[in-house]
1. Arranged from highest to lowest average of other beta-carbon atoms within 10 Å per residue, in what order do the peptides 208-220, 149-161 appear?
2. Starting from 0.36 nm per residue, how many nanometres of slack lie between Asp208 and Glu372 once their C-alpha separation is accounted for?
3. Which whole number in µm²/s is D for region 174-303 by Stokes-Einstein, with the Kirkwood Rh taken over Cα pairs at 4 °C and 1.567 mPa s?
4. Given the Cα atoms of the chain, and with Rh set as the inverse mean 1/r over their pairs in the Kirkwood sense, what is Rg to Rh to two decimals?
5. Calculate, for Asp334 and Asn216, the FRET efficiency according to 1/(1 + (r/R0)^6) with r their C-beta to C-beta distance and R0 35 Å; round to the nearest 0.05.
6. Can you pick out the pairs among Lys124/Lys166; Lys306/Lys383; Lys133/Lys193; Lys347/Lys386 whose Cα atoms lie more than 18 Å from each other?
7. Which residue, Asp246, Asp113, Asp70, tops the fluctuation ranking in a GNM of the chain built on C-alpha contacts under 10 Å?
8. Note down, for region 296-386, the three equivalent ellipsoid semi-axes (square root of 5 times each alpha carbon gyration tensor eigenvalue), biggest first, whole angstrom.
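Just so it is clear, none of the values below were taken in a lab; they were calculated from the coordinates. Predicted model only: the values in this text are computed from it and were never measured. Cβ atoms come from the backbone with ideal geometry, glycine included; neighbour counts cover every protein chain shown.
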Amino acid sequence: MRNSLLLLFLLVLSCQTQPENKIEEPGQLSLAFTKTIELPLDKMSVQRSPQFQYFRYLEENFLAHYNQPDNSIKILSLDQKALTQTIRLNTYGPDALIDMDGSPKNFKIISPDSIFIYSIVQEKIFLINSKAKIRNYWEAPIESLGPEYPVAVFTTLCSLVIRENKILFTSRISWFPNGPSPLLVLPLDKNKKTERIPKELKLYDEHDVSLLGDANSFRASNTVTQDGTLLISYPLDHRIMTVDQDLNINYIELKNPKVGILKGFGKKINAEIYASNEFHEYNFITSKYHAIISDPYNQLIYRIAKLPYSINEFRNVQNGAKYEGLDFSIMIYDDQFNYIGEKTFEKSKIYDMTSILVTPNGLMIRKTSEDEDTLVFDIFQPKELK
């Protein structure tokens, strides 16, 4: 009996001490590099952008990106490999979207003559045409509501969601323990009031949000599935939030074992701590979820995570060693959230992991290039493992 209990204890202990960063099942799929595409830029364009968007119009495939130097949206044809249009956003006059001290950095193209832009400075959503003329606008107060309110910051990996009769803002989680919910619902009918959902947020309930860190610990990533469900991911939670067409909320765990234990910084941030080596070290070595992306062309969902970084390697870089980049893991799920594969990008310095988007040709990741006049993407396709 004593030997049986000892054997049981050792079995349980061995289960508890298995390494966190191991994926037991390799899955059926990975991501395979297929090709590189190069797109020409004009003299005013830069490669790096806070927002890229793929869209299809009149049987042609396009890539749009926000260009900071001339405050414009550049439209490039993926089929012709050419810049086809520049939409300069007005900073003054009756069609001003922003003032001279700010820039929207975000947009949602429904068609070339229907472009939604959130102006942070004016706290409005504008609907413009291809000549940047304002067709309509909606009041969207966020910044002025107070410091406890979560801020909406839109990027390639977190966009405006336009539904038939509403606009959904996916905000950061509030830095305040009793802050409002992160999802703002703005009705297109101006007579209706905006609302925040969900009433009770289950994400981050294992953390003291006042001790998590800076904005990077709270930022959102979102995506929309083929059936219109909104998926929202945050850096420090293994779960994602789903929002269906009727605004019903659900939570699904999409845990990446390579991420390990999610943890915050553990101290309240002030200017001194923010500038400290201790906080810089934390940001570098700690794993976090990076993004969630729906692939409607293959009925897949990708969840991307920044993997732990070696503290020894971090200190070597501080002492002059060459920085090779971070490791990122992309978990692959089917449209029912079943795990079916994974791909790790090791030492990802050659890629801008904030500029990832899905097209019918595959997953596009912007590649760093020394040629300033060219925008470069590597394309990866789901591939069955043999």
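1. Ranked by mean Cβ neighbours within 10 Å, highest first: 149-161, 208-220.
2. Extra length available between Asp208 and Glu372 comes to 54.7 nm.
3. The estimated diffusion coefficient comes to 79 µm²/s.
4. The Rg/Rh ratio comes out at 0.98.
5. 0.75
6. Correct reply: Lys306/Lys383; Lys133/Lys193; Lys347/Lys386.
7. Of the options given, Asp246 has the highest mean-square fluctuation.
8. After diagonalising the Cα gyration tensor, the semi-axes are 27, 19, 9 Å.
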